[in-house]
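Peer 1: Provided herewith is a single structure, encoded as structure tokens, for subsequent inquiry.
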Amino acid sequence: MTPILPQIGIRLSGALEPRRCIELAQAAEAAGLASVWFAENPFQRGVLATTGACAVVTDRVRIGVGVVNPFGRHPVTIAMEFGALAELAPDRIVLGLGSGIGAAVRRMGYPYNRPVTALREAVGIVRALLAGDSVSHRGFAFAVKRAQLTYRPGKVPIYLAAAGVHALSACGEIGDGLIVSNLTPPQTTERMAAMVGEAAGRFNRKMPPIVQYVPCVVRPDGAEARAAVKTQLAEMLTAFWSGESDWPASKEAIVVESGIPRSHFAAVLAWLRRGEDAESLLDDRFVEAFAIAGTAEECLRQAAVYRAAGVDELALTFAGEQVAQDIAYLGQAINGAAT
């Protein structure tokens, strides 16, 4: 029986040189993948110039940016930039908005108060401007007086990055989609999807689609792929759990839902921080919970698990030295599964 799959795209970021992103966006389109997403992280390269370049050199793939935060860019500026992108690639641009990483926002000198309120205000302002409306708004985070774009851009869906209760509720109420970050096990995604769906139902809205970021290595040698993804996972885990006491309730839930005992999880993090070898420390439970890795057929079976959890689209962060080749290999398997 053919597994039911989500749509599959790739995730790029400001960690990559722009020309490399262009090459991989073209590789994704040639492989028949659905989308190219750009993650913009603090203090890395800005991704909007690269997003525009990829919009020009592709014809079919959806191009999403997830996420932009309204502290570093004012909502009016966000609308201006994404309106221009929508003209470059009509009906292919998706805007991902999120409140950002609080510590990084503060390092840039911006206040970080009531981030979900700021996110709600930003969505309202950006959406109205992209619709061609004149906007006046005075709220907690933003004040806008008779702002209006001088042109009418095409439609740009606004997805929200969310993990906490209030942000997930906001997504169900006002978002066109949900972006789920890396290091989110399928069980956690399923719980988050239920919360978004419940909120959407309260406002008589349809369940918004879900896109999830997941690290990936796909190779004809499945063991090689699983070994290779562990280095990428180690970097993500130690960045996300940056200190021994960094265990708020949201991260505690992720550990529980990963199925890995907390004591073992904490011990592995401590060893990784000391520079121990990721391949020997991270067993298959970490790969199963936080990554997709193996042969193309194995990866598609793992992708089906995310689809069962409510994910409509996976944006895979490919790792290693042969990314374009791996994308082509997975694309062949996807196209074969669809026939």
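Peer 1: Trypsin sites (Lys or Arg not before Pro) within region 211-303: which are DSSP loop residues with at most 15 other Cβ atoms inside 10 Å?
Peer 2: For trypsin sites (Lys or Arg not before Pro) across region 211-303 that sit outside H, G, I, E and B with at most 15 neighbouring Cβ atoms in 10 Å, the list reads ARG274.
Peer 1: Can you tell me which lysines have their Cα less than 23 Å from the Cα of LYS251? Leave out same-chain residues fewer than eight positions away.
Peer 2: Counting by Cα, and skipping residues close in sequence, LYS251 has these lysines nearby: LYS230.
Peer 1: Right, something else. Using 0.36 nm per residue, how much length does the chain from LYS251 to GLN322 gain when fully extended, once their Cα-Cα distance is taken away?
Peer 2: 22.3 nm
Peer 1: In region 52-176, if every C-alpha pair distance is counted and binned at 10 Å from zero, what percent goes to each bin?
Peer 2: Spelled out per bin, shortest first, that is 13, 44, 34, 9, 0.
Peer 1: Which whole-number percent gives the relative contact order of the chain, counting Cα pairs below 8 Å spaced six or more residues apart?
Peer 2: The value is 20 percent.
Peer 1: Still on this structure: How tilted is helix 18-30 with respect to the longest principal axis of the chain? Cα atoms for both, answer in degrees (0 to 90, nearest 10).
Peer 2: 80 degrees
Peer 1: Still on this structure, I have one more. Can you find, among TYR306, PRO42, ALA333, the residue sitting farthest towards the positive end of the charge dipole of the chain, where Lys and Arg contribute +1 and Asp and Glu -1 at Cβ?
Peer 2: PRO42
Peer 1: Right, here's the next one. Grab the beta carbon distance between ASP283 and ASN41, set R0 = 35 Å, and tell me the FRET efficiency rounded to 0.05.
Peer 2: The value I calculate is 0.80.
Peer 1: Helix 222-240 versus the longest principal axis of the chain: what is the Cα-based angle in degrees, 0 to 90, to the nearest 10?
Peer 2: So the inclination is approximately 50 degrees.
Peer 1: Express in nm, to one decimal, how much length is gained between HIS137 and TRP271 on full extension, taking 0.36 nm for each residue of separation and deducting their alpha carbon distance.
Peer 2: Net length gain for the segment: 43.2 nm.
Peer 1: How much FRET efficiency would the formula 1/(1 + (r/R0)^6) give for GLN148 and TYR110, where r is the Cβ-Cβ distance and R0 is 22 Å, rounded to 0.05?
Peer 2: For R0 = 22 Å, the calculated efficiency reads 0.30.
Peer 1: Now a separate question. Any chance you could check the Cα centroid distance between region 192-211 and region 1-47 for me, in angstrom?
Peer 2: 26 Å
Peer 1: For the Cα atoms of the chain, what angle does the longest principal axis make with the long axis of helix 48-57, in degrees from 0 to 90, nearest 10?
Peer 2: 80 degrees
Peer 1: If you don't mind, there's one more thing I want to ask. Mind listing which trypsin sites (Lys or Arg not before Pro) in region 129-209 are in a DSSP loop and have 11 or fewer other Cβ atoms within 10 Å?
Peer 2: For trypsin sites (Lys or Arg not before Pro) across region 129-209 that sit outside H, G, I, E and B with at most 11 neighbouring Cβ atoms in 10 Å, the list reads LYS155, LYS206.
Peer 1: Okay, moving on. Along its three principal axes, how long is region 188-339 when you only count alpha carbons? Whole Å, largest extent first please.
Peer 2: Here the Cα extents, ordered largest to smallest, are 50, 41, 20 Å.
Peer 1: Hey, got the dipole for region 173-283? About the Cα centre, +1 on K and R Cβ, -1 on D and E Cβ, debye to the nearest 20?
Peer 2: Here region 173-283 has a charge dipole of around 300 debye.
Peer 1: Among the GluC sites (Glu not before Pro) in region 244-339, which ones are in a DSSP loop with at most 15 other Cβ atoms within 10 Å of the Cβ? Mind listing them?
Peer 2: GLU244, GLU276, GLU321
Peer 1: What is the magnitude of the charge dipole of the chain about its Cα centre, with +1 placed on the Cβ of each Lys and Arg, -1 on the Cβ of each Asp and Glu, and no other charges, expressed in debye to the nearest 20?
Peer 2: It works out to roughly 1400 debye.
Peer 1: How much FRET efficiency would the formula 1/(1 + (r/R0)^6) give for GLU23 and ASP91, where r is the Cβ-Cβ distance and R0 is 35 Å, rounded to 0.05?
Peer 2: Computed FRET efficiency for GLU23 and ASP91: 0.90.
Peer 1: Set Lys and Arg Cβ to +1 and Asp and Glu Cβ to -1, take the dipole of region 128-259 about its Cα centre, and tell me which of HIS166, ASN204, VAL135 lies farthest positive.
Peer 2: Result: VAL135.
Peer 1: Compute the orientation-averaged projected area for the chain from the convex hull of its Cα atoms and round it to one decimal in nm².
Peer 2: Averaged projected hull area, Cα only: 17.1 nm².
Here, each number is a calculation from the coordinates, and none is a lab measurement. In this text the structure is predicted, and so the values were computed from the model without any measurement. So basically every Cβ, Gly included, is an ideal-geometry build from the backbone, and we count neighbours across all protein chains shown.
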